[in-house]
Amino acid sequence: MDTASPFRSVAIVGLGLIGGSLALATRERWPAVRVTGVDTESVIAHVRGSGAIDRSATDVNDVIDADLIVLAAPVRQNLDLLRGLRAMAVVATDVGSTKRAMVEAGRAVASAKFVGGHPLAGAERGGFAYARADLFEGRPWILTPDGDRSKPEVEALSRFVAGFGAKPVSMTAHAHDQLMAFLSHLPQLTASALMDVVGGATQAEGLELAGRGLIDTTRLSSSPANVWRDVCETNADAIGQALDLLIARLIDLRGRLDRSEAIDELFQDSAHWRGVLMKGRE
């Protein structure tokens, strides 16, 4: 692997779980790369002592001299940040869970070399306290360039994320949002709705009797709402289609609970797709 980083300086706007892990991964892989963190004073004070950043700022327009700007705030905040950038000729990307709105906003910034990005990595809890350098290792990192996928900035970003162990994958913003509606957004909303229904029906006394099945199934329900509000708003059409399919499947199941072949079909099909999902992961 080429040991040289394609970027000599990186500015990361938002030092939560993803932004913080990116800073740590960059520091570990390329110690000579200058990393600037952009966040509130209170967050910067916490991060500075970790050694993850070389310098800090509180305004993204103070770091437009960086070779790479990474927007790592929630989606709608990233949109505002991108739209508010002054003259910028450097490469910029983001790490949000929806891409169409970001790519459209990047298109409007005439001087920007913006490439949408989404690392498929995370943890149950957010914030810099849970950031780690190996968060992206072996995980896909989707890039959604607007048009030509062979642009120099796309190649540079692919090399950059591959450098700390991620697997770059390129697709359109539309394809990304459609896919994530099923792979990420639907599971999150389903887990949250399930926990809400079960908790409301059984209350604390009932939940004391719950086993690992409910605990494992509803793990995602602890996710912070502030991130998912933006995801739902910026991908409502694709998520709505995914929810419609799930609702239709549940309605069909509801009408055939007394038919053993319906139960057999559900468990056989789900076991098959679970096997496909887990192939090579266990």
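Where in the range 203-280 are there helices (runs of 4 or more DSSP H), lying wholly inside it, with at least 3 residues that are surrounded by 10 or more Cβ atoms within 10 Å (Cβ to Cβ) and on the phi > 0 side of the Ramachandran plot?
No helices (runs of 4 or more DSSP H) qualify here.
Mind listing whichever residues of the range 67-81 are modelled with pLDDT of 95 or more and in a loop (DSSP other than H, G, I, E, B)?
Correct list: A72 only.
For the range 166-202, give me each residue that is without any contact (Cβ under 8 Å) to a residue 40 or more places away in the chain and under 20 Å from A25 (Cβ atoms).
Across the range 166-202, the qualifying residues are K167, P168, V169.
Scan the range 79-92 and tell me whether some residue there is on the phi < 0 side of the Ramachandran plot, surrounded by 16 or more Cβ atoms within 10 Å (Cβ to Cβ) and acidic (D, E).
no
From the list S56, S50, exactly one residue is in contact with a Lys or Arg (Cβ under 8 Å, 6 or more places away or on another chain), assigned by TED's automatic domain parsing to the domain that holds K151 and surrounded by fewer than 21 Cβ atoms within 10 Å (Cβ to Cβ). Which is it?
The conditions single out S56.
Here are D237, D196, D177: which of them is touching a Lys or Arg at 6+ places or on another chain (Cβ under 6 Å) and not aromatic (F, W, Y)?
D177
Could you tell me which of the residues S158, S150 is in a loop (DSSP other than H, G, I, E, B), more than 19 Å from G37 (Cβ to Cβ) and of a type in the set (G, A, S)?
Matching residue, one of S158, S150: S150.
Can you pull out every residue in the range 112-139 that is within 20 Å of V91 (Cβ to Cβ) and within 12 Å of the chain's Cα centre (by Cα)?
Residues satisfying the conditions are G116, G117, H118, P119, F136.
Could we say that A101 is under 30 Å from F182 (Cα atoms), touching a residue at least 60 places away in the same chain (Cβ under 8 Å) and assigned to a helix (DSSP H, G or I) here?
yes
Right, N61: buried (at least 20 other Cβ atoms within 10 Å of the Cβ), among the polar types (S, T, N, Q), in contact with a Leu (Cβ under 7 Å, 6 or more places away or on another chain) and not assigned by TED's automatic domain parsing to the domain that holds D237 or not?
So N61 fails the test.
State whether the residues of the range 177-184 include one that is among the charged types (D, E, K, R) and either surrounded by fewer than 15 Cβ atoms within 10 Å (Cβ to Cβ) or over 17 Å from the mean Cα position of the chain (by Cα) (or both).
So far as the range 177-184 goes, no, none of its residues is among the charged types (D, E, K, R) and either surrounded by fewer than 15 Cβ atoms within 10 Å (Cβ to Cβ) or over 17 Å from the mean Cα position of the chain (by Cα) (or both).
Which residue pairs have Cβ atoms closer than 9 Å, lie 6 or more positions apart in sequence or on different chains, and pair a first residue in the range 235-249 that is closer than 14 Å to A173 by Cα with a second residue that is assigned to a loop (DSSP other than H, G, I, E, B)?
Within 9 Å, the pairs are N235/S97; N235/T98; N235/K99; A238/T98.
Give just the number: which of (1) surrounded by 18 or more Cβ atoms within 10 Å (Cβ to Cβ); (2) without any contact (Cβ under 8 Å) to a residue 40 or more places away in the chain; (3) part of a helix (DSSP H, G or I); (4) not small (G, A, S) does F114 not satisfy?
(3)
The values are calculated or read from the model by the stated rules, or taken from the named source; none is laboratory data. Please read these numbers as outputs of a predicted model, since none were measured by experiment. A quick note on method: Cβ atoms are made from the backbone with ideal geometry, for glycine too, and the neighbour counts reach across all protein chains shown.
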